[in-house]
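The values are calculated or read from the model by the stated rules, or taken from the named source; none is laboratory data. Worth saying up front: this structure is predicted, and the values here are computed from it rather than measured. Here the Cβ positions follow ideal geometry from the backbone for every residue, glycine too, while neighbour counts run over all protein chains shown. For accessibility, only protein heavy atoms count, side chains too; no ligands or nucleic acids. Shrake-Rupley method; radii C 1.70, N 1.55, O 1.52, S 1.80 Å.
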Amino acid sequence: MAGRVENKVALITGGGSGIGRATALLFGREDAKVLVADYNAEGGERTVKRSRSPGGTAIFHAADVSNPQDVDTLMHKVVETYGRLDCAFNNAGIEGQMGDTPECSLENWNRVIAINLTGVFLCMKYEIPLMLKHGGGSIVNTASAAGLVGGIGAPAYFAAKHGVAGLTKAAGTRIRAEGDSC
Ligand SMILES: NC(=O)c1ccc[n+]([C@@H]2O[C@H](COP(=O)([O-])OP(=O)(O)OC[C@H]3O[C@@H](n4cnc5c(N)ncnc54)[C@H](O)[C@@H]3O)[C@@H](O)[C@H]2O)c1
């Protein structure tokens, strides 16, 4: 990835641990300007502390991606801090409670869909216009093998991840059809 994201502005949700943190650290090493978002402030701050590099910059902003107001404020924070958005990694997600469909509570269903699917939708809804203002950008959404095939024990997770795959394809199709450079 050498040189490919140098000075690019990258937003990474779920950057407080796991895959999001690893991505933030990689972007930091490659001298990108990173905004780590997570609802876990302790994890997000730790990622930022570890990801600062001589040429790059990283800040943390607390946000719950399932909350429209938080996502709106998050996007304002990106613009206020870096003036643009080039790369977005919509990665925040939860597994939810285990159990097949009859055991899946409505509360668990709503929470998993809100974070894993609506959260990605809300982020993309704001990210696409921001990127197009400066000629385009790149969005990567974390789905899962659970977004491609069926499986047992987590119906809301499987449904949400299938939704993420569909949402991603839909956005890609529209942007290509309009001839933009995303
Ligand atoms: N680890 C795997 O094997 C695996 C496999 C397939 C897909 N995934 C997906 O990859 C993504 C990252 O998973 P991970 O393994 O790194 O998990 P993780 O739990 O280590 O990281 C997820 C991060 O998202 C944050 N988060 C959760 N809900 C949030 C919300 N509402 N708003 C903001 N931040 C929130 C958490 O605080 C956490 O820091 C998830 O979308 C997950 O579904 C993971």
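Some points to look at:
- Filtered by the rule that a residue be hydroxyl-bearing (S, T, Y) and within 10 Å of the ligand (Cβ to nearest atom), the range 114-138 gives a lone residue, T118.
- The sole residue among D38, D31 that is within 10 Å of the ligand (Cβ to nearest atom) and charged (D, E, K, R) is D38.
- Total residues in the range 67-108 satisfying the condition of being among the small types (G, A, S) and under 25 Å from G136 (Cα atoms): the figure is 3.
- Residue check: P102 meets all listed conditions (1) of a type outside the set (S, T, N, Q); (2) more than 16 Å from the ligand (Cβ to nearest atom); (3) touching a residue at least 24 places away in the same chain (Cβ under 8 Å); (4) surrounded by fewer than 20 Cβ atoms within 10 Å (Cβ to Cβ) but one, namely (3).
- Here the strands (runs of 3 or more DSSP E) wholly within the range 1-98 that include at least 2 residues being touching a residue at least 60 places away in the same chain (Cβ under 8 Å) and either open to solvent by 10 Å² or more (accessible area, probe 1.4 Å) or at negative phi (or both) are 9-13, 87-90.
- Within the range 130-143, tally of residues that are under 16 Å from the mean Cα position of the chain (by Cα) and open to solvent by 40 Å² or more (accessible area, probe 1.4 Å): 3
- Selection of the range 52-74 for residues being within 14 Å of the ligand (Cβ to nearest atom) and among the hydroxyl-bearing types (S, T, Y) yields S66, T73.
- The combined condition, being touching a residue at least 24 places away in the same chain (Cβ under 8 Å), more than 28 Å from R21 (Cβ to Cβ) and not in a loop (DSSP other than H, G, I, E, B), is not fulfilled by L117.
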